[in-house]
Amino acid sequence: MISRKNRFHGYGSLKHVYRNGQAIRGPLFSVRYLENPKRKDYRVAVVVSRKVNKSAVARNRIRRRLYEIIRTLGIDIVRPFDIVINVFHDTVQDEPPQRLEEQLKRQLKEAGVLVKRITRES
């Protein structure tokens, strides 16, 4: 699970991203993003509608899978972005983790959110 400082709090923040952010759509989910200079860290929300799956257990599993991928990619998000991932396909639940990570990386790189840090060894 991602840390509390990287989660959204309240619906108003999401509404701001929906209104002013840009979207990158993929085959299983879309990524909405907006740079937020008021914050120091990025924030992420994963939205899984009841239309995707009626079962709350399945929706929560999808959410947890995507949050875990974001947690591992978090070190490469260098600027404070607000990111909302909208899942619109039920097969996210059954996708292999590597394919989900590849798709999320591709969409975040296309958005300019994910930047590979250069580490220098001294």
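Readers should treat all values here as calculations from the given coordinates under stated rules, not as data from a laboratory. Please read all numbers here as calculations on a predicted model, not as lab measurements. Using ideal geometry, Cβ is built from the backbone for each residue, glycine included, and neighbour counts are taken over all protein chains shown.
Computed from Cα atoms, the angle from the helix 11-20 axis to the main principal axis of the chain rounds to 70 degrees.
As I understand it, the value is the acute angle between the Cα axis of helix 56-73 and the longest principal axis of the Cα atoms of the chain; what does it come to in degrees, rounded to 10? That helix lies at roughly 20 degrees to the long axis. Footprinting exposure proxy ranking of Arg106, Arg63, fewest other C-beta atoms within 10 angstrom first, gives Arg106, Arg63. Electrostatic bookkeeping for Ile85 treats Lys and Arg as +1 and Asp and Glu as -1; over the other residues with beta carbon under 10 Å from its beta carbon, the sum is +2. Distant-in-sequence amide contacts of Gly26, defined by a placed amide H-H separation under 5 Å and a gap of 5 or more residues or a different chain, comprise Val31.
Treat each spin label as a single point 7 Å out from the Cα along the C-beta direction, and report the Tyr18 to Lys40 distance in nm. Rounded to a tenth, the inter-label distance reads 3.1 nm. Between Arg25 and Arg61, the simple label model (points 7 Å from Cα in the Cβ direction) yields a spacing of 2.8 nm.
Among Val57, Val52, Val115, the order by Cβ neighbours within 10 angstrom, fewest to most, reads Val57, Val115, Val52. Shown here: percent of Cα pairs over 25 Å apart, derived from the displayed model; of the candidates [x] 15; [y] 19; [z] 29, it corresponds to [y]. By how many degrees, 0 to 90 and rounded to 10, does the Cα axis of helix 97-111 deviate from the longest principal axis of the chain? It works out to around 60 degrees.
Taking the Cα centre of the range 4-111 as reference, the dipole from Cβ charges on Lys and Arg (+1) and Asp and Glu (-1) amounts to some 500 debye.
The mean sequence separation of alpha-carbon pairs under 8 Å and at least six residues apart, normalised by the residue count of the chain, gives a relative contact order of 33 percent. For the range 4-111, the residue among Tyr11, Leu108, Leu66 whose Cα projects farthest onto the positive side of the dipole built from Cβ charges is Tyr11.
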